[in-house]
1. So what J values fall out for the stretch 7-21 if you push phi through Karplus, 6.51 cos²θ - 1.76 cosθ + 1.60 with θ = phi - 60°, rounded to Hz, Gly and Pro as x?
2. What is the sum of charges around Gln64, taking Lys and Arg as +1, Asp and Glu as -1, for the other residues whose C-beta is under 13 Å from the C-beta of Gln64?
3. Over all directions, the average projected area of the alpha-carbon convex hull for the stretch 92-193 comes to how many nm²?
4. What ranking do 87-97, 42-52 get when scored by the average of other Cβ atoms within 10 Å per residue, highest first?
5. Which entries in the list Lys29/Lys109; Lys46/Lys176; Lys11/Lys63; Lys31/Lys248; Lys18/Lys246; Lys11/Lys123 go over 28 Å, if you measure between the two C-alpha atoms of each?
6. Could you list, bin by bin from short to long, the percent of Cα-Cα pairs of the stretch 6-240 in 10 Å steps?
7. Please report Rg over Rh for the stretch 140-192, where both radii come from the alpha carbon positions and Rh follows the Kirkwood definition.
8. If we count other beta carbons within 10 Å of each Cβ, what is the order of Ile166, Ile124, Ile137, fewest first?
Amino acid sequence: MAGNIKLVVCKDDAEVAKKAAVMFADVIKAKPSAVIGLATGSTPEKTYAEMAQLHRTQGLSFKQVMSFNLDEYWGLDGDHDQSYRYFMNDHLFQHVDIRPWNTFVLNGKATNPYLECQAYETKIVSVGGVDIWLLGIGGNGHIAFNEPGSAVDSRTRLVNLTPETIAANSDGRFFKSAAEVPRCALSAGIGTIREARSIVLLATGAKKADAVAAAVEGDFSTACPASLLQDHADCTFIVDEAAAGKLKNAR
Ligand code: F6R
């Protein structure tokens, strides 16, 4: 399928981060009470640093912004240094003027995961939906923790992580060993993500090249969850040259 995905190829990860931060800044300037979707992982770290820089040097304000994160490890509470709540505080929230009560990260210690996921979906709808959602991509094409096979209309739910994702997150960047990585997570669904008015997916490094090629130029298929963004009305992939390396028609 020749999808609608807009592709921006940058020379390196620093340029990816700058472009992504500016896209978010433009949305926030146009609508100060924007609802933004956020991701964790190595890829967006530099983008968050750029957003913090725009806040410090250009007065970009997050005072009225509301944020929703894609996912959280099941079983970790927000104080755990590998939780995604901790990551977000550390990389973005404490560096900008976003109100803590306007930041929504699924609770990995919720008493009832089903109610937690339902409440998250309800909250997104009640604030008018997500204006722009930042995503990374797994080496297997996953978005959030929607592993291959996840349905196009999947909603926020408790999911199992694949051995591949557990290995990727225990390669020294995050957890020290696979045994420490939780086996499950709460994750926004592909249907949840697709409802965002605009989507920006970042990919850097040669390890992502196969997944990027499958997502942009492969079939619209649950085998590559990111390919399920092909028919979105406003989806941009911002990738560096290494991550674009396997595209046949890098535009
Ligand atoms: C993180 C998330 C994941 C990551 C993906 C890539 O919130 O939902 O889908 O975006 O695993 O991770 P990195 O950026 O660490 O390669």
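Read-outs throughout are calculated quantities, based only on the coordinates presented, and are distinct from any laboratory measurement. Computed from a prediction, not measured in an experiment: that's the story for all the values here. When we count neighbours, we look across all protein chains shown, and the Cβ atoms used for this are built from the backbone with ideal geometry, even at glycine.
1. So the Karplus estimates, Gly and Pro as x, are 10, 10, 9, 10, 6, 7, 5, 5, 5, 4, 4, 5, 4, 5, 5 Hz.
2. Working: positive: Lys29, Lys31, Lys63, Arg99; negative: Asp97, Asp131.
After counting each charged neighbour, the total is +2.
3. Working: hull surface 30.7 nm².
Hull-based average projected area comes out at 7.7 nm².
4. Values: 87-97: 18.1, 42-52: 21.8.
Answer by packing, highest mean first, reads 42-52, 87-97.
5. On the way: Lys29/Lys109 35 Å; Lys46/Lys176 22 Å; Lys11/Lys63 33 Å; Lys31/Lys248 37 Å; Lys18/Lys246 23 Å; Lys11/Lys123 38 Å.
Among Lys29/Lys109; Lys46/Lys176; Lys11/Lys63; Lys31/Lys248; Lys18/Lys246; Lys11/Lys123, the Cα-Cα distance tops 28 Å for Lys29/Lys109; Lys11/Lys63; Lys31/Lys248; Lys11/Lys123.
6. 8, 35, 40, 16, 1
7. 1.00
8. Values: Ile166 17, Ile124 21, Ile137 27.
In order of increasing Cβ crowding within 10 Å: Ile166, Ile124, Ile137.
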